[in-house]
Amino acid sequence: MFSRTKLMSALGIAALALAACSSPSQAPASAPSPEVTSTSASPSPTPSSTSVSPTPSPTPSVQATSEAPRPEPTSASPSPEPTTAAPADQAVAAPGTNCGSVSHSSSGTQGDVYVSGGQVSCSEALAVVNAYLPKIVENIAYSRDAVAEGIMGGYRCGLNRGYAGAATQLSGQQALCQNDANGAYIEVRMPGERVLPGYVVNIQKHLIPDYSQNSRSGLSVAFSIPSQKIDCKGTLEAGGISCRVFLANGKLTIVGIGKSGPISTYDFFDGAVGPVTAPSVDVGTVITALGVSCKPTDAQTLYCVNATHSVTLSPNGIVQD
């Protein structure tokens, strides 16, 4: 009995020891539970920071969306450039501005558009000419100069077809559009000319009937400077202009200016010389004919250019640039 009792107590002690052993083993099992809790708590800040980062990420994307208009101006920054260029086209063009070329196959018109006077922009000048060109063919049936009225409300345009086209070939002016309201003087000129800047003369005043042997077309271009110390004349046959320069020393020098190439000079020894009778060009006003463009810079000085060279003529001498 005693031994059985001892045995039972020993078994009880072993059971207690076993329970004691098993309870520490469960303590680590329950420990993960707080760790899991702390782990689930630590993710919660992490997600919160993670969820905050998505929040900024939408925020930039929202800002990018709201700022899409800003990039648009940036992407549309080319648009301001044309917009900036457009006002320039809308600005009044300085006299002698070449606004660009035009071409119209039906009428056979091709050339450069010049604003040669008046309060008119390049965009308006080109619009006027492009509105007129289609009317040439239909109007030429009624007028050899294909005159059209009321272009863009107030312009009158026509061709320069006098003397069977010799007027155009001499002057280089194919068509002319004018408007009394703004003083516009818009020329369609032969392509490839070198034209001096400035107001231009009415070329019709300088196209002179000429039935001499030097002008088989029956027409020549003639002009002088205000002091009448220089006068010039050109014919289609000559292919350029020839100027007489009355020098201060009493001599007379002839200056030949072609459409391009060097300018020639030689003294005149043929005796008596006729007076200057050609119409005068005002100081600062440009006359262009036969590929030569000239402008009196003062009452006694004439400056001329062709496609490649330039020259200054005066009673004091001739200087090539």
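The values are calculated or read from the model by the stated rules, or taken from the named source; none is laboratory data. These numbers come from a predicted model, not from an experiment. Neighbour counts are summed over all protein chains in view; Cβ atoms, including those assigned to glycine, are modelled from backbone coordinates with ideal geometry.
Of the listed requirements (1) in a loop (DSSP other than H, G, I, E, B); (2) closer than 24 Å to residue 212 by Cα; (3) under 34 Å from the mean Cα position of the chain (by Cα), residue 257 misses just one: (1). Close Cβ contacts (under 8 Å, 6 or more residues apart or on different chains) running from residues in segment 117-141 that are on the phi > 0 side of the Ramachandran plot and among the acidic types (Asp, Glu) to residues that are modelled with pLDDT of 95 or more and surrounded by fewer than 22 Cβ atoms within 10 Å (Cβ to Cβ) are absent. Only residues that are closer than 26 Å to residue 154 by Cα and assigned to a loop (DSSP other than H, G, I, E, B) were counted in segment 184-201, giving 5. Within segment 105-119, the residues that satisfy the criterion of being more than 20 Å from the chain's Cα centre (by Cα) and surrounded by fewer than 18 Cβ atoms within 10 Å (Cβ to Cβ) are 105, 106, 108.
Exactly one of (1) within 28 Å of residue 196 (Cβ to Cβ); (2) part of a helix (DSSP H, G or I) is unmet by residue 135. Its number? Among (1) within 28 Å of residue 196 (Cβ to Cβ); (2) part of a helix (DSSP H, G or I), residue 135 violates only (1).
Checked against (1) of a type outside the set (Asp, Glu); (2) under 30 Å from residue 122 (Cα atoms); (3) not in a loop (DSSP other than H, G, I, E, B), residue 232 meets all criteria but (2).
Taking the options 321, 267, 298, name whichever one is over 30 Å from residue 162 (Cα atoms), charged (D, E, K, R), touching a Lys or Arg at 6+ places or on another chain (Cβ under 7 Å) and without any contact (Cβ under 8 Å) to a residue 24 or more places away in the chain. Walk me through it before giving the result.
On the way: 321 fails: touching a Lys or Arg at 6+ places or on another chain (Cβ under 7 Å); 298 fails: touching a Lys or Arg at 6+ places or on another chain (Cβ under 7 Å).
Answer to the selection: 267.
Of all residues in segment 270-295, those satisfying the criterion of being over 23 Å from residue 188 (Cα atoms) and in contact (Cβ under 8 Å) with a residue 60 or more places away in the chain are 278, 279. Checking each residue in segment 284-308 for being more than 14 Å from residue 243 (Cα to Cα), assigned to a loop (DSSP other than H, G, I, E, B) and among the hydrophobic types (A, V, I, L, M, F, W, C) picks out 299, 307. Number of residues in segment 122-147 that are over 30 Å from residue 234 (Cβ atoms) and touching a helix residue (DSSP H, G or I) at 6+ places or on another chain (Cβ under 7 Å): the value is 1.
Can you tell me which residue is farthest from residue 196 (Cα to Cα) among those in segment 102-116 that are without any contact (Cβ under 8 Å) to a residue 60 or more places away in the chain and in a strand (DSSP E or B)?
Selected residue: 104.
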